[in-house]
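**Q** For reference, the structure I am asking about is given below.
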Amino acid sequence: MSTALDSVDWLLFSLSRAFCSPLAVFIQIQGCIICLTLAIGWAFAANVRNREINRMKDAMKDGNSFGFLYHDIRELEHSNQVNLPRVTVVMPLKGFGEHNLHNWKSQITSLYGGPLEFLFVVESTEDPAYHAVSRLLRDFKDDVDAKVIVAGLSTTCSQKIHNQLVGVEKMHKDTKYVLFLDDDVRLHPGSIGALTAEMEKRPEIFIQTGYPLDLPSGSLGSYCIYEYHMPCSMGFATGGKTFFLWGGCMMMHADDFRQDNYGVVSGLRDGGYSDDMTLAALAGANKRLITSPPVAVFPHPLASDLSFSRYWNYLRKQTFVLESYISRVNWLMNRGLFSFHSYMSWGFVAPYLMAAIHVVAALEIYIKGYSYEETTCTTTGLLLTSCLAICTFTELLSMWNLTRIEVQLCNMLSPEAPKLSLDYYNWSMIFVAMLVDNFLYPISAFRSHFSQSIDWSGIRYHLKDGKISKIERKKDRGPKFTDLGGKHLYGKKGAPPKASFLSSLSRSLCQWHQPKKYEV
């Protein structure tokens, strides 16, 4: 039965009709293309990771129980291990949180057979990380070569970069490779060995990198961060050359820092805000090679109390890096990335808004008995909505498959660690996070562009001409916790209690490590 249209229904049907215009149809088809493009990219990334899983399985079938360390068991022979180059691991620390102890232990209990030193670098002894890591290293003092370094306050670059450069200055004189790690990286026992082996095999490599596998804690903010990282993951799952660089894991030639090759030291020190963006720009300008081996994927547990506001702060810092640059070409590339990402983000969200209008309009027709002629509504809108639903399902399926394979790969690379699982991933929440994150990205990017300043762990950085021009430190106005790890930033907190885990699992791993310490 037909009834007269009220004003709300008239507006609803007018919108549905407008969303069937050629421009609106183009936007909705574009949304489907974006979904399918992401699905294809994740499928290729999953194939790269899966090939590595199959190689490890084949090695184990051939009797190599240490396939998670080396595909060829002969690499474990003493004649090969004794010739491994010295590696220095530099970890800039800030604050102490729920996952730090586990992460640090996974780093210092590496099964790399060559000379290896760990430098934990803090801003000051007041940082809670200083007391926590000092206690940890005392418990492992007979098993690892590690020390805590106090770097002092940065004046010309970000505090993280300052800590990294101080760590490089303190590294052993015979160090051949330096590995920069974030303190929220959970390494596999063979990660350092795999990165080093690739550097030895291909000396032309400028930087080797990896990427995190986010482990959401259940909050919307944590799922937004997982969704934010996932599109980038396909750029790191190439099994070789990449143009992407993640500052959480970067292995480089130590001599590049000793000699300031390609301006790596000066580029970072003189106004550098983002370590990975600066080094990636230098690599591009000097045509240097960046690679990402297929085993370089690391579990990244997110804080259990990660709130939406902390996610927003993290997103602000991520978009702010596009405001930093080292050259005119770098500025143009960042502007292009800024524009492309913003357009694609809202281009992803808009079709879902249109689809919602189409669905609500169809329900109104069904419930109130309107005729399609009376509402001038066609089936085009529902057809476009159906196509978007199919493409969205395909996209989520591909994302699930890549995550499943990376979880499996991480479990195989760390056979002694508690098993990761897909069971707690909430895919309805992930879909919501996709919409929220893509809607907010352009807003965050535009705000970063017009503000030219950002608060990072209680320190406010101001940019001018792409470089840090001013640094403000005000404890009482800064956040008390970091964004992802929920780490305490201030106060003498974080001294970890003694636990059996320190003397059982982690210490047993250390016994696999070379027994001798290398003197500086």
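The values are calculated or read from the model by the stated rules, or taken from the named source; none is laboratory data. This one's a predicted model, so the numbers in the text were calculated from it and none came from an experiment. Cβ: placed from backbone, ideal geometry, glycine included. Neighbour counts: every protein chain shown. All accessible areas refer to the heavy atoms of the entire protein, side chains included, with ligands and DNA or RNA removed. Shrake-Rupley method; radii C 1.70, N 1.55, O 1.52, S 1.80 Å.
**Q** May I ask you to give the solvent-accessible area per residue for the range 204-247, in square angstrom, as obtained with a 1.4 angstrom probe?
**A** Working: 1150 Å² over 44 residues.
Each residue of the range 204-247 exposes 26 Å² on average to a 1.4 Å probe.
**Q** May I ask you to give the percent of accessible area on the chain that is carbon plus sulfur, with a probe radius of 1.4 Å?
**A** The value for the chain is 61 percent carbon and sulfur by accessible area.
**Q** Further question: What area, in nm² and to one decimal, does the C-alpha convex hull of the range 71-115 cast on average over all directions? Spell out each step's value before the answer.
**A** Numbers: hull surface 16.9 nm².
So the Cα hull casts an average projection of 4.2 nm².
**Q** Using packing as a proxy for protection, rank 290-301, 395-406 so that the peptide with the highest average count of other Cβ atoms within 10 Å comes first.
**A** Numbers: 290-301: 23.2, 395-406: 20.4.
With the highest mean Cβ count within 10 Å placed first, the list reads 290-301, 395-406.
**Q** Which value, in debye to the nearest 20, describes the size of the charge dipole of the chain about its Cα centre when Lys and Arg Cβ atoms bear +1, Asp and Glu Cβ atoms bear -1, and nothing else is charged?
**A** Details: 51 positive and 49 negative charges, 242 e Å.
Rounded to the nearest 20 debye, it is 1160 debye.
**Q** A further question on this structure: Can you tell me what share of the DSSP beta bridges in the chain is antiparallel? A percent to the nearest 5 is fine. Each step should come with its number before you reach the end.
**A** On the way: 21 of 45 bridges.
Antiparallel: roughly 45 percent of the beta bridges in the chain.
**Q** Run the numbers for D305 and L11: contour at 0.36 nm per residue of separation, minus the present Cα-Cα distance, in nm. Before the final figure, lay out the partial values.
**A** Details: separation 294, 0.36 × 294 = 105.84 nm, distance 4.17 nm.
Full extension of this stretch gives 101.7 nm more.
**Q** Also, quick follow-up: Please calculate the 1.4 Å probe accessible area of D174, with all protein chains present, and give it to the nearest 10 Å².
**A** 90 Å²
**Q** Here is a follow-up. With viscosity set to 0.890 mPa s at 25 °C, what whole-number translational diffusion coefficient in µm²/s follows for the range 1-111 from Stokes-Einstein and a Kirkwood radius over Cα pairs? Could you put the intermediate results ahead of the total?
**A** Numbers: Rh = 21.2 Å.
Value of D from the Cα-based Kirkwood radius: 116 µm²/s.
**Q** So what does the Cα-only Debye profile of the range 94-186 read at q = 0.16, 0.22, 0.25 Å⁻¹, as log10 I(q)/I(0), no solvent term?
**A** So the normalised log intensities are -0.66, -1.27, -1.57.
**Q** Indicate the gyration tensor shape class of the range 152-281 (rounded, prolate or oblate), computed on the Cα atoms with a ≥ b ≥ c the square roots of the eigenvalues: a/c under 1.5 is rounded; otherwise a/b larger than b/c is prolate and the rest oblate. Display every interim value, and only then the final one.
**A** Details: a/c = 1.80, a/b = 1.29, b/c = 1.39.
Cα axes put the range 152-281 in the oblate bin.
**Q** For R135, project a label point 7 Å along Cα to C-beta. Then give me every residue of the range 80-109 with its amide nitrogen under 14 Å of that point.
**A** Those under the cut-off are 96-102.
**Q** Please list the equivalent ellipsoid semi-axes of the range 230-314, computed as the square roots of five times the alpha-carbon gyration tensor eigenvalues, in descending order and whole angstrom. Could you put the intermediate results ahead of the total?
**A** Details: eigenvalues 138, 67, 26 Å².
Equivalent-ellipsoid dimensions as semi-axes: 26, 18, 11 Å.
**Q** Something else: Distances longer than 18 Å among the Cα atoms of the range 51-100: what percent of all pairs is that?
**A** Details: 680 of 1225 pairs.
Everything past 18 Å amounts to 56 percent.
**Q** Provide the FRET efficiency to the nearest 0.05 for the N83-T379 pair, computing r from the beta carbons and using R0 = 51 Å. List each step's numbers first, then the result.
**A** Values: r = 71 Å, r/R0 = 1.38.
With a Förster radius of 51 Å, E is 0.10.
**Q** May I pose another question? Could you provide, to the nearest whole Å², the per residue accessible area of the range 157-197 with probe 1.4 Å? Could you put the intermediate results ahead of the total?
**A** Working: 1060 Å² over 41 residues.
Ligands and nucleic acids excluded, the result is 26 Å² per residue.
**Q** So what's the range 384-475 giving for Rg/Rh, alpha carbon basis, Kirkwood Rh from the mean inverse pair distance?
**A** Here the Rg-to-Rh quotient is 1.16.
**Q** Using a 1.4 angstrom probe with every protein chain in place, what is the largest-first accessible-area order of Y314, Y325? Walk me through the intermediate numbers first.
**A** Numbers: Y314 30, Y325 55 Å².
Result, largest first: Y325, Y314.
**Q** Going through the range 96-148, which trypsin sites (Lys or Arg not before Pro) have at most 13 other Cβ atoms within 10 Å and a DSSP loop state?
**A** Working: sites: K105, R135, R138, K141, K147; in loops: K141.
Loop-located and lightly packed - K141.
**Q** Just the number, please: Stokes-Einstein D of the chain in µm²/s, Kirkwood Rh from C-alpha pairs, 37 °C, 0.692 mPa s.
**A** On the way: Rh = 24.8 Å.
Approximately 133 µm²/s, per Stokes-Einstein.
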